[in-house]
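What follows is a set of notes on a single structure, which appears directly below.
No lab work stands behind these numbers, since they all come straight from the coordinates. Model, not experiment: these values are computed from the prediction. Cβ sites come from the backbone with ideal geometry, for glycine too, and all protein chains shown count toward neighbours.
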């Protein structure tokens, strides 16, 4: 007799241990807590074997919350041939008046909600996509650290009323001027030298990461998409890599409005009784991708034109992609000026442009045919 039952297993994951609970796919079944196991692959493999022996022929469906533990649990369980779902903590239903929270209750709740179908799994990137995302984020962190160091040094000079006549800040000439400065107190001189050394080190760190990113992105499977969306104004290499690294496969969105909503670029709404009230954008989804789009949207405040740099980025691209990029530029530049003339707030205008930018990026990505991942070599499988 074939066993078509499903066993739903909830994992409340932590750094050192996992809390485990399960419930069978039966009408009167009740969730059962199995306690804690070590947060290692060996302990997880042992748990899988226990379920396979206790429930022979049953399909195992695992679920856990997305968090600092990452996706290695998902990839390990799917590599063993079982289904695994990763859910966003913010989208897990909560009962009104729920005041007690424990690891045991969380694991039981996950198993119950998975059986009832009240949770939607999130997108899990491929390992190489996650690696490129880590590199892109590391570059952004390096840029932020460099800016912070520069701000600290400039604040110190301002406190001491030291002004520089060199217009090109942080050039070789400006750095030479800084090294030749002599402050009145030896302690301040030490702080100055340390700040200069920190800035120099962080400049070199940023250059290294820029070189690595430029090299590795050319071997990335999404590089054709990255190259294509650079045909758009305001989308240079770093923005293109950042957006695609954060969002992954854009073909999973069957309409650009779903992508806008995913990025939190659509207005919030509270409507009732025939009255419609819209507020600011929802700000849900990926914060970094949304910020990169907003940064790129500032470039549409100028009149539509194709610069020499943009022409170089559009070389060897198909006519369809270049046409989409030009249509985007014509529309978004006009829309920007129209909203400004209507007296709209500058931030609101830029956000509106960013919302439409992602729609054109989605359209361009659909013009690119990517090589599918080889299932035999694929580590991250989509749950069945």
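Mind listing whichever residues of region 154-177 are in a helix (DSSP H, G or I) and in contact with a helix residue (DSSP H, G or I) (Cβ under 9 Å, 6 or more places away or on another chain)?
156, 157, 175
Go through region 211-239 and count every residue that is within 21 Å of the chain's Cα centre (by Cα) and farther than 15 Å from residue 131 by Cα.
14
Of all residues in region 284-301, count the ones that are at negative phi and either in a strand (DSSP E or B) or under 14 Å from the mean Cα position of the chain (by Cα) (or both).
Residues flagged as at negative phi and either in a strand (DSSP E or B) or under 14 Å from the mean Cα position of the chain (by Cα) (or both) within region 284-301 amount to 9.
Tell me, yes or no, whether region 107-115 has at least one residue that is more than 30 Å from residue 285 (Cβ to Cβ), surrounded by 12 or more Cβ atoms within 10 Å (Cβ to Cβ) and more than 24 Å from the chain's Cα centre (by Cα).
Checked region 107-115: no residue is more than 30 Å from residue 285 (Cβ to Cβ), surrounded by 12 or more Cβ atoms within 10 Å (Cβ to Cβ) and more than 24 Å from the chain's Cα centre (by Cα).
For region 124-143, does any single residue satisfy the condition of being in contact with a strand residue (DSSP E or B) (Cβ under 8 Å, 6 or more places away or on another chain) and either outside any loop (DSSP other than H, G, I, E, B) or in contact (Cβ under 8 Å) with a residue 40 or more places away in the chain (or both)?
Yes - at least one qualifying residue is present in region 124-143.
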